[in-house]
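Have a look at the structure below, then the notes.
What follows is calculated from the coordinates using simple rules that are stated; it is not laboratory data. It should be emphasised that the depicted structure is a prediction, and the values quoted were computed from it without experimental measurement. So basically every Cβ, Gly included, is an ideal-geometry build from the backbone, and we count neighbours across all protein chains shown.
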Amino acid sequence: MSNDASRSTSSVSSWVPRHRDQQWRTPRAHGAARDFHRTLEGYEPTRIVDLPSLAKELGVGGVIAKDESSRLGLPSFKALGASWAVHRVVEGSDETLSLVTATDGNHGRAVAHFARMFGHRAEIYVPAGVREWAMVAIEDEGAQLIQLDKTYEVAVQRAAVAAAEQGRVLVQDAGWPGYTKIPQDIIDGYDTLFTEIDEQVADADLVIVPTGVGSLLHA
């Protein structure tokens, strides 16, 4: 190991908060989200895929991945969080609701999909740079698409303002002070994914979680 690498490793090791309780574990999920997901047409646990070539390349004993390329009829794990959050929003409502969100693709499509499934409307704000096919997929779910020549952060702001001013419901996968319940419902929806992993994988030395705005990592 080079001197630079040794210094880097030493710095990381000294930063790790050794005082924290190493025996602490995340509380078990209460299971309500998965019970709900099991009622949806097409629900089944997504598969675990063995990646021996990658394991060989990395020089490790084994690498597996959770394949979320098909989840409840959509090409993303986002279907889990969006479906649970939309269900919680519309549950018990006798009127047709308008749901609003901002997205760069999969979250907005999922909100639109489940809004339509449960008999409600969706308005989806998309920032600059979203692929044409992703916007078409959202519109194919029956949603009203609002395309902005702005950043994702601005799209989120616009969606939040539209929801507040027009009496709609914001179903956003990011939270801020005063807006936490629905983001938490989205996070709770991902419990299903991790419960499946617990049942499919006996043990693992390292779990790698991709993250964008952070909801999956939070879950």
*asked:* Quick check on the chain: helices-only [θ] at 222 nm, where DSSP H runs of length 4 and up contribute -39,500 (n - 2.57) each and the sum goes over total residues. Nearest 500, please.
replied: -13000 deg cm²/dmol
*Trp133: net charge of surrounding residues, Cβ under 15 Å, Lys/Arg +1, Asp/Glu -1, itself excluded?*
-3
*How do 183-195, 41-53, 67-79 rank on mean C-beta neighbours within 10 Å, highest first?*
183-195, 67-79, 41-53
*For Tyr152, Tyr125, order by how many other beta-carbon atoms lie within 10 Å, fewest first*: Tyr152, Tyr125
*DSSP bridge pairs, the range 95-180: antiparallel proportion in percent, nearest 5*: 10
*Grab every C-alpha pair in the chain, bin the distances at 5 angstrom width from 0 up to the longest one, and report whole percents.*
1, 6, 12, 16, 17, 14, 11, 9, 7, 4, 2, 1, 0, 0
*Nearest 20 debye, what's the magnitude of the dipole of the chain about its Cα centre given +1 on Lys and Arg Cβ and -1 on Asp and Glu Cβ?*
480
_Cβ crowding within 10 Å averaged over residues, with 58-64, 160-166, 110-116 ranked highest first_ = 110-116, 160-166, 58-64
_Strictly greater than 23 Å: what percent of every Cα pair in the range 95-180 meets that?_
13
*Kindly write out, for the range 104-117 in residue order, the coupling ³J(HN,Hα) from the Karplus curve 6.51 cos²θ - 1.76 cosθ + 1.60 (θ = phi - 60°), rounded to whole Hz, with x marking Gly and Pro.*
10, x, 5, 5, x, 4, 5, 4, 4, 4, 7, 4, 5, 4
*Which of the peptides 168-177, 199-208, 135-144 is most tightly packed, and how do the rest follow, going by the mean number of other Cβ atoms within 10 Å of each residue?*
168-177, 135-144, 199-208
